[in-house]
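Worksheet: one structure, shown below.
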Amino acid sequence: RFEYHSGDATGEESWRDVALGLIGQHQAANAAVALATLLELRRQGWRISEQAIRSGFEKLSWPARVEVISSWPTVVLDAAHNVASVEALMLTLSESFTARRRVLVFATAQDKDAAGMLRVLGERFDEVIITSYRDNPRAMPAAELGVIARDVLQRDTGEAIPITVCDAPTAAWE
């Protein structure tokens, strides 16, 4: 849920208790921007009902963005692909989920900042499973990503986070 308040030359407008089908503060902030855009369109004459707006936000889903695909155990799927999106994911996970043990299954493309993303993820997972995308020419090979992960994921104590490298995503899932 989020709230939106605006005050400008056209007057003040407030929307309270807008249900949002997405998890995370960053998603609520993005939704507020979308709502501001919708309200501007209404001011310009577009006929968009309050019910349509509220229903749209409530039913909104974004596959692979903090998508809970299992609740026992809790499995969260996210397609974060840069350091900023990984930071937003980690904030959302810490705010919205509790866990006794966290396992990361990680793959990325060759043109992404794998080391930067792994630095953000590192301290928050108890175990890391490295894999590679299937049938994607941009996929970073699991072995190469495993070397980066081992280099980056050293605890401050010098103790390494357990890392497993699986060439196939199905093996990583198992």
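When only residues in the stretch 100-133 that are under 20 Å from Ala64 (Cα atoms), of a type in the set (A, V, I, L, M) and over 16 Å from the mean Cα position of the chain (by Cα) count, which is most open to solvent (accessible area, probe 1.4 Å)?
Ile129
For (1) free of Cβ contacts under 8 Å to residues at least 60 places away in the same chain; (2) on the phi > 0 side of the Ramachandran plot; (3) surrounded by 12 or more Cβ atoms within 10 Å (Cβ to Cβ), each residue gets a yes or a no:
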residue: Ser49; (1), (2), (3): yes, no, no
residue: Ala52; (1), (2), (3): yes, no, no
residue: Ser55; (1), (2), (3): yes, no, yes
residue: Ser61; (1), (2), (3): yes, no, no
residue: Ser71; (1), (2), (3): yes, no, no
residue: Leu77; (1), (2), (3): yes, no, yes
residue: His81; (1), (2), (3): yes, no, yes
residue: Leu91; (1), (2), (3): no, no, yes
residue: Glu95; (1), (2), (3): no, no, no
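Taking the stretch 47-61, which residues are out of contact with any helix residue (DSSP H, G or I) (no Cβ under 8 Å at 6 or more places or on another chain) and not basic (Lys, Arg)? So that I can check it myself, show each step before the final result.
Applying the first criterion (out of contact with any helix residue (DSSP H, G or I) (no Cβ under 8 Å at 6 or more places or on another chain)) to the stretch 47-61 yields 47, 49-52, 54-56, 58-59, 61.
Answer for the stretch 47-61, where residues must be out of contact with any helix residue (DSSP H, G or I) (no Cβ under 8 Å at 6 or more places or on another chain) and not basic (Lys, Arg): Ser49, Glu50, Gln51, Ala52, Ser55, Gly56, Glu58, Ser61.
Of the residues that sit in the stretch 119-174 and are part of a strand (DSSP E or B) and without any contact (Cβ under 8 Å) to a residue 40 or more places away in the chain, which one is nearest to Val105 (Cα to Cα)? Working first, answer last.
Going through the stretch 119-174, the residues part of a strand (DSSP E or B) turn out to be 127-130, 139, 154, 160, 163-165.
Next, from what is left, pick out any that are without any contact (Cβ under 8 Å) to a residue 40 or more places away in the chain: 127-128, 139, 154, 160, 163-165.
Details: Glu127: 9, Val128: 6, Ala139: 15, Gln154: 17, Ala160: 16, Ile163: 10, Thr164: 9, Val165: 10 Å.
Only one residue tops the list, namely Val128.
The values are calculated or read from the model by the stated rules, or taken from the named source; none is laboratory data. Please read all numbers here as calculations on a predicted model, not as lab measurements. Cβ: placed from backbone, ideal geometry, glycine included. Neighbour counts: every protein chain shown. Note: accessible area is taken over every heavy atom of the protein model, side chains too, but ligands, DNA and RNA are not part of it. Shrake-Rupley method; radii C 1.70, N 1.55, O 1.52, S 1.80 Å.
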